[in-house]
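Taking it in order: structure first as structure tokens, then the write-up.
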Amino acid sequence: AEDALRRALSEEGTKLGVGQGAIVTLDGSGAVKALVGGRDYAQTVSPQRFLALSYSMDAHDVDPAGIACPVTYLAVLEDRLVPASQIAEAAGRTPDGRLKTLHSRYGHDAFLKEETAIAGIITDFLRS
């Protein structure tokens, strides 16, 4: 996911005036499951800040109905850790939520392995 975000930002970011981005994975209840920061994330986050972020993700509960910006949710249909049904539920509860699905033999690890597919979804989102 991090490589896909980097690639989408480098290919489309300048043209669209976007220099940073993030991918947040939520389960169906709105709890944060994973977060990938923007282009400079690894260079700017100390281990202590990462641990604080990790704790806050575990403690934070987002109500998808209260999200006031466009969101594209990506569900990997073979993901057993975060089932596609949970992602679809969150997308359905988000006022401007869109659901994209992806088939991948990598299951949950598709976010690490399916760079081209994920970059395309991010690029489509940035263009919308």
Taking a cut-off of 18 Å between Cα atoms, list the aspartates and glutamates near residue 113, but don't count ones fewer than 8 places away on the same chain. 2, 3, 78, 79
Phi-derived 3J(HN,Hα) across region 48-54 with the Karplus relation (6.51, -1.76, 1.60, θ = phi - 60°), rounded Hz, x for Gly and Pro, is 5, 5, 4, 5, 5, 5, 4
5 Å is the cut-off here: which amide hydrogens, built 1.01 Å from N in the peptide plane, fall below it relative to residue 34, excluding neighbours closer than 5 in sequence? 25
In Å², and per residue, what accessible area does the chain have when probed at 1.4 Å with the other protein chains present? 59
List the trypsin sites (Lys or Arg not before Pro) within region 41-128 that DSSP assigns to loop and that have no more than 16 neighbouring Cβ atoms inside 10 Å. 80, 105
Name the residue farthest towards the positive end of the dipole of region 1-119 from the options 9, 53, 24, assuming +1 on Cβ of Lys and Arg, -1 on Cβ of Asp and Glu, about the Cα centre. 9
Carbon and sulfur: what percent of region 69-119's accessible surface (1.4 Å probe)? 51
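The values are calculated or read from the model by the stated rules, or taken from the named source; none is laboratory data. Keep in mind that what you see is a predicted model, and the values were worked out from it rather than measured. Neighbour counts are summed over all protein chains in view; Cβ atoms, including those assigned to glycine, are modelled from backbone coordinates with ideal geometry. SASA here: full protein model, heavy atoms, side chains in, ligands and nucleic acids out. Shrake-Rupley method; radii C 1.70, N 1.55, O 1.52, S 1.80 Å.
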